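Since the structure comes first, as structure tokens, the remarks are kept for the end.
The values are calculated or read from the model by the stated rules, or taken from the named source; none is laboratory data. All values reported here derive from a predicted model rather than from experimental measurement. Using ideal geometry, Cβ is built from the backbone for each residue, glycine included, and neighbour counts are taken over all protein chains shown.
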Amino acid sequence: MSPVRDTPAVPATRTYAEVAVGDVLPDLTIPVTRTLIVATALASRDYQDVHHDPELARERGSKDIFMNILTSNGLVDRYVTGWAGPAAVVRAVRIRLGAPNHPGDTMVLTGTVTAKSDADRHVDIAVKGTNSLGAHVTGTVTVRLPGEVTP
Amino acid sequence: MTGREDTRQDTGYEERLRAFTGRELRPLTPAQDPVNQPMIRHWTEAMGDTNPVYTDAGAARATGRGGVVAPASMIQAWTMRGYAATVSPPAGRDGFDELVDLLDEGGYTSVVATDSEFTFLRELEPGDHVAVRESVESISAEKRTGLGTGRFVTTLKTYTDQHGETVATQRWRTLRFRPAPAPAPEPVAEPEPVEEPSPPPALRPRPAINRDNAFFFEGAKQHLLLIQRCAACSTLRHPPGPCCPECNSLEWDTVEASGRGHVYSYVVNHHPRHPAFDFPLVVAVVELAEGTRLITNLTGVAPDDVAIGMPVVLDWLDADPDLTLPVFRPAPTEAP
């Protein structure tokens with residue numbers, strides 16, 4: 001079953017038993033607009049100029065402003081919990097940053113279930129976010145899934 | 001590349017850097033505001049996150065929670081210093097400022113965040129008040145990376161709640177590097193100026209991973225150098241294979257290498273040149289203290305200074321997000 005993303009009131013929740021190692025998450029495409037980079041930087045209270053001021057970003061050696069790491073974490077979190085459903089509890093988010101996300105680019109998030117732990121119902125999902133330059137982010141998210149769907 | 005001369009920095013500088021290991025960079029600092037619904041909403045709107053447990057108490061209760069919770073990944077945002085302190089930092093210096101000064105002194109004036117590893121112990125709810133402290137886990141030896149020569153600084157941020165209980169930890173790694181002289185540093189910049197769009201950097205050739213050797217490369221990603229061990233007769237072997245050459249057993253496990261060894265043999269490669277490598281390239285056979293040998297690169301040493309029998313220690317080359325490889329550098333000797 002897949003989460004029902006267009007009816008936010010009752011998105012489906014995935015149970016631990018429904019998930020298998022090797023399951024592939026649907027891609028999530030993120031248009032990396034200038035507004036997104038600035039809005040997420042400010043929502044994460046990151047006022048470093050390289051995330052909102054193109055001239056200063058260029059002075060510091062970038063070709064333009066770029067997405068901050070808190071947002072990469074937030075988008076990876078959103079991607080996995082959006083697939084897992086609202087009952088999932090995030091236990092770990094481990095990421096490595098690569099190519100920057102500049103305005104005008106598009107990032108495609110992909111994911112695969114890599115491990116399950118029956119004792120605590122933890123599920124590991126390997127995640128990768130790729131833009132036109134290469135891998136922006138690679139990492140692993142661990143979520144705890146419910147044993148059964150809550151009524 | 002400038003690494004060769006730079007690796008011979010005076011030992012005093014190394015000592016001063018090493019003295020930061022374990023040191024607290026920032027004492028426990030409370031967030032400006034407690035966890036609250038408006039900031040959660042700003043975050044979820046900007047991230048495009050429609051999970052209702054962040055904003056709808058009824059939906060949150062339907063999942064077994066007491067009420068709305070904050071997105072796990074938002075925890076760092078609660079403890080950001082905010083606009084005022086960003087544009088005019090408060091007077092007074094802490095350990096962090098001292099470390100930055102020391103890195104500046106070494107020429108490592110640019111910074112890029114490379115890794116963030118969160119572990120969450122519980123979800124945060126409106127009303128929780130987070131505080132964070134940060135200490136140094138390690139400062140790497142000088143490394144050559146795609147961005148330039150630099151050092152990886154790894155810190156641990158510990159997030160606690162209003163009761164002093166730890167709610168999350170975050171291992172945080174930045175690369176402090178010397179900006180490349182010609183084109184501006186850019187995480188994917190090539191040595192020569194290139195027309196946009198920039199092509200990705202040349203990647204090291206991919207290892208041919210199979211079920212026999214996957215453990216080795218998985219271990220490397222976690223900076224663990226693993227040696228295959230026969231489960232029947234305990235003989236160590238490398239390169240990995242399905243069968244013990246001593247007793248023919250197909251059962252095996254692994255042990256972690258100590259990381260010490262010596263140069264068994266080496267060559268200095270000048271040609272042909274592959275764009276992913278720096279030349280001249282020292283390709284060595286290193287014999288580990290455990291007895292197995294592996295083919296690897298030497299780093300932090302000029303080709304002329306390599307000698308057979310030279311003691312070396314393990315280092316890690318994080319070549320790109322998908323590839324981490326063991327390399328070796330000269331073992332530290334007593335200061336002259």
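What the table shows:
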| read-out | value |
| --- | --- |
| Qualifying residue in the stretch B:62-70 (condition: in a helix (DSSP H, G or I), of a type in the set (A, V, I, L, M, F, W, C) and within 23 Å of A:VAL76 (Cα to Cα)) | no |
| In the stretch A:119-147, the residues that are under 13 Å from A:VAL19 (Cβ atoms) and not in a strand (DSSP E or B) | A:ARG121, A:LEU145, A:PRO146, A:GLY147 |
| Complete set of residues in the stretch B:17-50 that are without any contact (Cβ under 8 Å) to a residue 40 or more places away in the chain, among the acidic types (Asp, Glu) and part of a loop (DSSP other than H, G, I, E, B) | B:ASP49 |
| Residues satisfying the stated conditions in the stretch A:116-151, i.e. more than 9 Å from chain B (Cβ to nearest Cβ) and basic (Lys, Arg) | A:LYS116, A:ARG121, A:ARG144 |
| One residue from A:THR71, A:THR112 being at pLDDT 95 or above and over 26 Å from B:PRO38 (Cβ atoms) | A:THR112 |
| Selected residue (criterion: surrounded by the most Cβ atoms within 10 Å (Cβ to Cβ)) from residues of the stretch B:269-298 that are farther than 21 Å from B:GLY146 by Cβ and β-branched (Val, Ile, Thr) | B:VAL286 |
| Number of the condition not met by B:SER116 [criteria: (1) outside the structural domain of B:LEU156 (by TED's automatic domain parsing); (2) of a type in the set (Ser, Thr, Tyr); (3) touching a residue at least 40 places away in the same chain (Cβ under 8 Å)] | (1) |
| Pick from the stretch B:71-95, criterion more than 11 Å from chain A (Cβ to nearest Cβ) and either closer than 20 Å to A:ALA92 by Cα or of a type outside the set (Gly, Ala, Ser) (or both), ranking: surrounded by the most Cβ atoms within 10 Å (Cβ to Cβ) | B:ASP94 |
| B:ARG65 among the charged types (D, E, K, R) and not assigned by TED's automatic domain parsing to the domain that holds B:ASP128 | yes |
| Subset of the stretch A:78-114 [facing chain B (nearest Cβ under 7 Å), in contact with a strand residue (DSSP E or B) (Cβ under 6 Å, 6 or more places away or on another chain) and not in a strand (DSSP E or B)] | A:GLY98, A:ALA99 |
| Among the residues listed as A:ILE37, A:ILE30, the single one being more than 7 Å from chain B (Cβ to nearest Cβ), part of a strand (DSSP E or B) and either modelled with pLDDT under 95 or buried (at least 20 other Cβ atoms within 10 Å of the Cβ) (or both) | A:ILE30 |
| Per-region count, the stretch B:201-250, residues closer than 14 Å to B:GLU290 by Cβ and hydroxyl-bearing (Ser, Thr, Tyr) | 2 |
| Strands (runs of 3 or more DSSP E) wholly inside the stretch B:108-179 containing at least 1 residues that are more than 18 Å from the chain's Cα centre (by Cα) | B:110-120, B:131-139, B:148-160, B:166-177 |
| Residue check, B:PRO303 touching a Pro at 6+ places or on another chain (Cβ under 8 Å), farther than 30 Å from A:ASN131 by Cα, surrounded by fewer than 17 Cβ atoms within 10 Å (Cβ to Cβ) and at pLDDT below 90 | yes |
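Residue-by-condition table, conditions (1) surrounded by 14 or more Cβ atoms within 10 Å (Cβ to Cβ); (2) modelled with pLDDT of 90 or more; (3) on the phi > 0 side of the Ramachandran plot:
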| position | (1), (2), (3) |
| --- | --- |
| B:ASP6 | yes, no, no |
| B:PHE20 | yes, yes, no |
| B:ASP33 | no, yes, no |
| B:ILE40 | yes, yes, no |
| B:ASP49 | yes, yes, no |
